[in-house]
Amino acid sequence: MELEANGSGVSDAVNPAHIVAVRDFSPDTLKTIVEHLEVSTAFEHLVYREAELDAIWSITGFFLTETSDIVRQDDVMRLHEGAHRAHDLVGEGRPREAAILLSMFL
Amino acid sequence: MLSRDENELLTRTGTGTPAGEYFRRYWLPALLASEVPAPDSPPVRLRMLGEDLIAFRDTEGHVGLIDEFCPHRRASLFWGRNEECGLRCVYHGWKFDVNGACVDMPNEPPEYGFDNKVRTRAYPTQEYGGIIWTYMGPPEHVPELPKLEWARVPEDCRYISKRHQETNYLQAIEGGIDSSHSNFLHASVDAFRVTDDYVEKVKNSANLRAKYHLLDKSPRFTVKKTDYGLVIAVRRNADDDNYYWRLTQFLLPSHTMIPYQKGLSIHGHCWVPRDDETCWVWTVSWNPEAPLSEDEWKAIREETFVHAAVNPVTFRARRNKDNNYLIDRNQQRTTSMTGIHGFASQDQAVQESMGPIVDRTRERLGTSDTAIIAMRRLLLQEIRALEEKQEPFAAHHGDVYWVRSCSMVLKRDVPFDQGARELIAAEV
């Protein structure tokens, strides 16, 4: 898990002006997104959170298309749908609720 | 991704739709001034925001933009005679001035005074920066013209083209602010493969874009909301101490400015809905410091960059989907990623291939799509605010458009907005 600093000049672990680099949908990645959702307030922060949740939705979607792992499929499908709902909550300006929803998948 | 409802909200711009009402709060580019070149020159058809209109320049030089169809029997005023300060329908002789008033109705007895009671729909126009602009919204909310630099430079410092694109306006804007596509769609095969020859060519190049795109193919995205829209900042590693930044401007409702390198001309677009499935692509190149150079005119003539040759009446591009944009598969094998000539045609080919209104519920976005997400959210906010009776700020503050795009190399600890402060201020 890493953060992609994007010019704010701040290097705090949880800085909502940083975009979380989403390379997988591991608990670590989800936890970092949840932490960022919890402190996001500005328009720009919500855009970054939406982009991260879009990425989670995208890669879980790709996984579901490709996988033959029946056991994991149900869990990933729930996360896929949860990421969709969290994404829409962020779009509605409700990042805290999105954080609560996403934390259910940790 | 967007929900189906959000996609509908953003892409439908006809009369009475929320996005349509939003666009109708701004002055919008309607025609090249050269389309109605002289008093009493022929009228021209124009479709905009789903409305069919006729433009004409009257005897005194004023430009009218009125409903295409005569209110009498709905005949097209395109056939009309442009004469003595009005456009006369050739069917029964009704005549309309630039304000839409019926000023003559020769087939009705004059004592009825019917002509004084008839009006047709008409929109105000202003000639500004080589373009006829129109305002199609309510008279009580007339906005200010945007103080865009390109509209205020001398005529020989600017080139404007207009093109008919067969997509909704939104996916065209998305292409305009999507920085990550240029490494692929607009790349040469050598650049994409990073051949030794290419590395040698660009490593000491004055073309900073080519040089730094080669060094860092994984840019980082930042957006910043402003009074006029968004600054979209894309950062690449330059060396151990510096970052290379490219700043794109998105200006409400649908203008963009492409990052430029100081000393060269600046390029920008405005995408105006023609209807829900087509749009007008306005493309502007300008140099605030000097007339366009011979090299810049050559790029325009040869369609290598942002301008494309069009049919002068329909404004449909010469390279279009009916002829597969004149793709050259041999060129694609050896020279360019697409085999399609010119950035404008390359953009148009991929955007039109997505269908007239892309289904955004089915897309798979990532963090490199941050700019697109930000632009959509901003437009959604603005459209919903107008539904709640909040007038758009930028529409009534033309001064906020006094900005430029830019590219620059900055020390790593300097925030981009601080480093860009002087570069993004317009100068004319």
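Odds and ends about this structure:
- Members of segment B:346-365 found to be modelled with pLDDT of 95 or more, over 14 Å from B:Leu170 (Cβ atoms) and open to solvent by less than 30 Å² (accessible area, probe 1.4 Å), listed by number: B:Gln346, B:Gln348, B:Ala349
Residue-by-condition table, conditions (1) in contact with a Lys or Arg (Cβ under 8 Å, 6 or more places away or on another chain); (2) open to solvent by less than 60 Å² (accessible area, probe 1.4 Å); (3) acidic (Asp, Glu); (4) not in a loop (DSSP other than H, G, I, E, B):
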| site | (1), (2), (3), (4) |
| --- | --- |
| B:Trp271 | no, yes, no, yes |
| B:Pro291 | no, no, no, no |
| B:His307 | no, yes, no, no |
| B:Thr314 | no, no, no, no |
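- For B:Pro143, the conditions (1) outside any loop (DSSP other than H, G, I, E, B); (2) open to solvent by less than 20 Å² (accessible area, probe 1.4 Å); (3) of a type outside the set (Lys, Arg) are fulfilled apart from (1).
- The set of residues in segment B:378-394 that are of a type outside the set (A, V, I, L, M, F, W, C), open to solvent by 60 Å² or more (accessible area, probe 1.4 Å) and within 21 Å of the chain's Cα centre (by Cα) contains only B:Gln381.
- Conditions (1) in contact (Cβ under 8 Å) with a residue 24 or more places away in the chain; (2) at the interface with chain B (Cβ under 10 Å from one of its Cβ atoms); (3) farther than 18 Å from B:Leu380 by Cβ; (4) open to solvent by 10 Å² or more (accessible area, probe 1.4 Å); number of the one not met by A:Gly91: (3)
- Sole exception among (1) surrounded by fewer than 17 Cβ atoms within 10 Å (Cβ to Cβ); (2) without any contact (Cβ under 8 Å) to a residue 40 or more places away in the chain for B:Val202, by number: (1)
- Within segment B:47-76, being open to solvent by less than 20 Å² (accessible area, probe 1.4 Å), farther than 16 Å from B:Glu35 by Cβ and of a type in the set (A, V, I, L, M, F, W, C) holds for B:Leu49, B:Cys70.
- For segment B:177-197, filtering for residues that are part of a loop (DSSP other than H, G, I, E, B) and more than 11 Å from B:Met337 (Cα to Cα) leaves 3.
- The criterion of at least 2 residues that are in contact with a His (Cβ under 9 Å, 6 or more places away or on another chain) and either surrounded by fewer than 22 Cβ atoms within 10 Å (Cβ to Cβ) or modelled with pLDDT of 90 or more (or both) is met, among strands (runs of 3 or more DSSP E) falling completely within segment B:206-258, by B:229-237, B:242-251, B:255-258.
- Failed item in (1) within 13 Å of chain A (Cβ to nearest Cβ); (2) under 19 Å from B:Ile266 (Cα atoms), with B:Pro219 passing the rest: (2)
- Qualifying residue in segment B:156-163 (condition: more than 14 Å from chain A (Cβ to nearest Cβ), exposed (fewer than 14 other Cβ atoms within 10 Å of the Cβ) and on the phi < 0 side of the Ramachandran plot): yes
- Per this entry, B:Tyr135 is not counted among residues that are modelled with pLDDT under 90 and crowded, with 22+ Cβ neighbours inside 10 Å.
- Subset of segment A:47-82 (residues that are out of contact with any helix residue (DSSP H, G or I) (no Cβ under 7 Å at 6 or more places or on another chain) and within 14 Å of chain B (Cβ to nearest Cβ)): A:Ser58, A:Ile59, A:Phe62, A:Thr65, A:Glu66, A:Glu81
- Unique match (being of a type in the set (A, V, I, L, M, F, W, C), in contact with an Asp or Glu (Cβ under 9 Å, 6 or more places away or on another chain) and surrounded by fewer than 18 Cβ atoms within 10 Å (Cβ to Cβ)) among B:Phe114, B:Phe184: B:Phe114
- In summary, helices (runs of 4 or more DSSP H) completely within segment B:317-428 and bearing 2 or more residues that are within 14 Å of chain A (Cβ to nearest Cβ) and of a type in the set (A, V, I, L, M, F, W, C) occur at B:370-387.
Every residue, every condition in (1) open to solvent by 60 Å² or more (accessible area, probe 1.4 Å); (2) assigned to a strand (DSSP E or B); (3) at pLDDT 95 or above, yes or no:
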| position | (1), (2), (3) |
| --- | --- |
| B:Asn7 | no, no, yes |
| B:Thr15 | yes, no, yes |
| B:Tyr22 | no, no, yes |
| B:Ser34 | yes, no, yes |
| B:Arg45 | yes, yes, yes |
| B:Phe78 | yes, no, yes |
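- B:Ala344 of a type outside the set (Asp, Glu) and in contact with a His (Cβ under 7 Å, 6 or more places away or on another chain): yes
- Residue check for A:Glu44: under 25 Å from B:Ala371 (Cβ atoms), modelled with pLDDT of 95 or more and facing another protein chain (nearest Cβ under 10 Å): yes
The values are calculated or read from the model by the stated rules, or taken from the named source; none is laboratory data. Just so you know, these numbers come straight off a predicted model, no measurement behind them. Cβ coordinates were reconstructed from backbone atoms using ideal geometry, including for glycine residues, and neighbour counts include every protein chain displayed. Calculation scope for accessible area: heavy atoms of the full protein, side chains included, ligands and nucleic acids excluded. Shrake-Rupley method; radii C 1.70, N 1.55, O 1.52, S 1.80 Å.
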